[in-house]
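Student: The following block contains the structure, expressed as structure tokens.
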Amino acid sequence: MSFPKNFVWGVAAASYQIEGAVKADGRGDSVWDMLCRKPGAIWSEQSGAEACNHYRHYKQDVALMKSLGVNAYRLSIAWPRVIPDGTGKVNAKGLAFYDKLIDELLAAGIQPYVTLFHWDYPLALYHRGGWLNRDSADWFADYTKVVVDKFSDRVKHWMTLNEPVCFTDLGHHTGAHAPGDKLAWAEVLRAAHNVLRAHGQAVQVIRARAKAKPVVGWAPCGRTCIPATDKPADIKAARQAMFQLTERNLWLHSWWSDPIFFGHYPADGLKVFGADAPRVEPGDMRTIQQPLDFFGVNIYGGDTIRAGKNGQPEVVSPATGHGLTGMDWQVTPAALYWGPRFLQERYKRPIYITENGMSGMDWIALDGQVHDPQRIDFLHRYLLELKRAVTDGIDIRGYFQWSVMDNFEWAYGYKQRFGLVYIDYPTQRRIPKDSFHWYRRVIESNGASL
């Protein structure tokens, strides 16, 4: 069996991770530029200052995507490249880069799926309180207007935010990601609420101003749970564990997506967070609860859950010596079946897998090629589970492999390689890996080769 004939096969990347050129053509600093200047914050004191230099190599990179055969590319736009101070004067040269990139993609037969925010928050706005400032939703809406007005004649598919739990929890609670803050829960939840308000206002802007009929979603991540067996009790326990808040934890989809789809925070979460829960002003939930056309989700793995003796969810510890990626993440292919299934059951929207892939120990072999059999096996296993989900009637519209090329992996610097294309950073040479050629055959057969 193959996937539906209109299935979207894509690849994904993010602005700060690949563009480089952080001082070029009037771009302003982001919070990631700030964190990269902090001693010890990034592996080997590396930064995204050059990264893959996609800013200057975009034509070559689009040509590689064309040879791969993808029909979609999920890119993000760097807010401080477009508006260096976050608000106010628009940087024409920054807009021009994305203008050329979008035209190059369309000329190659590749549809741009644009993410408005993939973590590179303008440093100037962080100095004004960032996401803790209630005005941040208005700042984001104004930025969205600029982008939509410029590109919506050619861009039809939009995502507001990428993985909000990461830039709120990891960015404001644990301090592992930019801006590197370690705040109390009351402030973290305040920032998260403003993030949701920003999402809602951005959706309103897209629908009001887009020149072509827009298709709008977002791209969160969160805990994915896999039942230990197909027994009803284990399936019920896994579903419960994926959405039920039993402790202070922002990594469950319900805290983020219930307000968007149901117009309220989950009751169990409000109970858990107590007095630290965010203050919801009149009209906030109406703003947040904007209609979405699809649910994008980033899934790399999941937890295996069984029903305990009392029927409550219980985590099943992985077997000794279980498979791990370069990030030390478990290899759990069934996450790409159960994650979309549970999310669609709860939120009733078509699903796009907006990220999936693995970091591997990749290097250039003696024959000059990059052989990555583990990535091929990983993708094969996960895509078989995605095919099973499609076969079982789950409405999955597309799959974006992360990532089209090796890139700056945030606090891990260049230690981790997620790409289908190997980047030799000292020379900026691009080498398609074995997985690149494998994925091309999958796309050519619309998944029938799996």
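Computed from the coordinates by the stated procedures, all read-outs in this text should not be read as laboratory data. All of these numbers come straight from a predicted model, not from anything done at the bench. As a convention, Cβ positions derive from the backbone with ideal geometry for all residues, glycine included, and neighbour counts pool all protein chains shown.
Student: Please find, within the stretch 1-52, the residue that is surrounded by the most Cβ atoms within 10 Å (Cβ to Cβ) out of those that are under 30 Å from residue 383 (Cα atoms) and more than 20 Å from the chain's Cα centre (by Cα).
Tutor: The residue in question is 3.
Student: I'm trying to understand the selection: among the residues of the stretch 88-134, which are closer than 18 Å to residue 18 by Cα and among the hydroxyl-bearing types (Ser, Thr, Tyr)?
Tutor: 98, 113, 115, 121
Student: Please pick out the residue among 13, 41, 21, 49 that is among the aliphatic types (A, V, I, L, M) and on the phi > 0 side of the Ramachandran plot. Full working, then the answer.
Tutor: Details: 13 fails: on the phi > 0 side of the Ramachandran plot; 41 fails: on the phi > 0 side of the Ramachandran plot; 49 fails: on the phi > 0 side of the Ramachandran plot.
21 is the lone residue from the list that is among the aliphatic types (A, V, I, L, M) and on the phi > 0 side of the Ramachandran plot.
Student: Can you tell me which residue is farthest from the chain's Cα centre (by Cα) among those in the stretch 379-420 that are within 18 Å of residue 447 (Cβ to Cβ) and among the charged types (D, E, K, R)?
Tutor: In this case the residue turns out to be 392.
Student: OK, next. Taking the stated definitions as given, is residue 357 over 25 Å from residue 157 (Cα atoms), out of contact with any Pro (no Cβ under 8 Å at 6 or more places or on another chain) and not in a helix (DSSP H, G or I)?
Tutor: Details: over 25 Å from residue 157 (Cα atoms): no; out of contact with any Pro (no Cβ under 8 Å at 6 or more places or on another chain): yes; not in a helix (DSSP H, G or I): yes.
No; evaluated as a whole, the condition is false for this residue.
Student: Condition first: under 23 Å from residue 400 (Cα atoms), among the hydrophobic types (A, V, I, L, M, F, W, C) and assigned to a loop (DSSP other than H, G, I, E, B). Now tell me which residues in the stretch 219-269 satisfy that.
Tutor: Answer for the stretch 219-269, where residues must be under 23 Å from residue 400 (Cα atoms), among the hydrophobic types (A, V, I, L, M, F, W, C) and assigned to a loop (DSSP other than H, G, I, E, B): 221, 251, 252.
Student: In addition: Here is a list of conditions, (1) crowded, with 23+ Cβ neighbours inside 10 Å; (2) under 18 Å from the mean Cα position of the chain (by Cα); (3) over 13 Å from residue 346 (Cβ atoms), and residue 257 meets all of them except one; can you say which number that is?
Tutor: Every listed condition holds for residue 257 apart from (3).
Student: Within the stretch 7-20, how many residues are touching a residue at least 40 places away in the same chain (Cβ under 8 Å) and assigned to a loop (DSSP other than H, G, I, E, B)? It would help to see each step written out before you state the result.
Tutor: Step one: filter the stretch 7-20 for residues touching a residue at least 40 places away in the same chain (Cβ under 8 Å), giving 7-19.
Next, only the ones that are assigned to a loop (DSSP other than H, G, I, E, B) stay: 7, 13-14, 19.
Number satisfying all stated conditions: 4.
Student: Okay, next question. Being of a type outside the set (Asp, Glu), touching a residue at least 60 places away in the same chain (Cβ under 8 Å) and under 23 Å from residue 398 (Cα atoms) narrows it down to one of 199, 173, 177, so name that one.
Tutor: On the way: 173 fails: under 23 Å from residue 398 (Cα atoms); 177 fails: under 23 Å from residue 398 (Cα atoms).
Residue meeting the stated conditions: 199.
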